[in-house]
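Report on the structure given below.
The values are calculated or read from the model by the stated rules, or taken from the named source; none is laboratory data. None of the values given here were measured: they were computed from a predicted structure. Reconstructed Cβ throughout: ideal geometry from the backbone, glycine too, with neighbour counts over all protein chains shown.
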Amino acid sequence: MTVDTNVLDVQDDETDLDKEQLKQLVGFVISDEIFGVDILMVQEIIRGAIITAIPNSPEFVEGVINLRGNIIPVIDLRKRLNLYLEDQHADKNWVLLLDVGNRITGFVVDRVTQVLKIEPDQIEPPPDIVVAGLESQYINGVCEIDDYLLILLDFDRILLMEEIKKLKNIGQKKTA
């Protein structure tokens with residue numbers, strides 16, 4: 001019996017193509033909400049970073065960290081997204097280092113969960129009524145995983161242009 005290897009190769013290629021189409025996200029939690037960010041934006045995840053406060057900085061700026069000689073601004077994502085709850089976690093010690101606008105920026109989250117693999121067609125656009133009230137359109141979409149909704153954030157849009165300029169100034173002032 002002869003096997004047609006061309007058919008096998010095509011099937012293997014289709015399987016590889018299916019794997020490549022999966023979107024990989026890093027999941028994280030703020031309050032009781034679950035969020036995700038594209039894994040390609042994540043540079044590093046740090047736990048227990050010592051954050052130095054910066055006087056007169058915007059309320060959502062937690063401070064800066066010194067990572068291998070680089071001064072990196074750190075933003076409290078809970079404050080930036082206005083997710084204030086009574087039972088705020090005191091041990092905010094997870095920092096996601098993301099490449100935002102070609103600049104590494106840290107974001108404090110309650111905890112990082114896992115790397116998620118999602119089919120692109122599982123992601124639905126956010127409801128218009130939700131996005132309409134936001135200053136910047138930083139929600140990419142939502143998808144259902146198990147019994148909860150995952151909110152996909154676009155970190156290139158989380159900060160407004162004025163806020164990005166202030167963060168650049170913070171890093172420059174600290175290193176000078």
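So is VAL95 at pLDDT 90 or above, within 24 Å of ILE145 (Cβ to Cβ), surrounded by 14 or more Cβ atoms within 10 Å (Cβ to Cβ) and among the aliphatic types (A, V, I, L, M) or not? Judged against the criteria, VAL95 is a match.
Filter segment 102-124 down to residues that are more than 13 Å from the chain's Cα centre (by Cα), surrounded by 11 or more Cβ atoms within 10 Å (Cβ to Cβ) and in a loop (DSSP other than H, G, I, E, B) and give me whichever is modelled with the lowest pLDDT. Looking at residues that are more than 13 Å from the chain's Cα centre (by Cα), surrounded by 11 or more Cβ atoms within 10 Å (Cβ to Cβ) and in a loop (DSSP other than H, G, I, E, B), I get ILE123. Selection over segment 20-51 of residues that are farther than 30 Å from GLN122 by Cα and touching a residue at least 24 places away in the same chain (Cβ under 8 Å) gives a count of 4. Taken together, the residues in segment 25-42 that are surrounded by 15 or more Cβ atoms within 10 Å (Cβ to Cβ) and either closer than 16 Å to ASP99 by Cα or in contact with a helix residue (DSSP H, G or I) (Cβ under 6 Å, 6 or more places away or on another chain) (or both) amount to 8. If you go through segment 45-69 and keep only what is loosely packed, with under 12 Cβ neighbours inside 10 Å and either under 18 Å from LEU98 (Cβ atoms) or within 19 Å of the chain's Cα centre (by Cα) (or both), you end up with ARG47, GLY48, ARG68.
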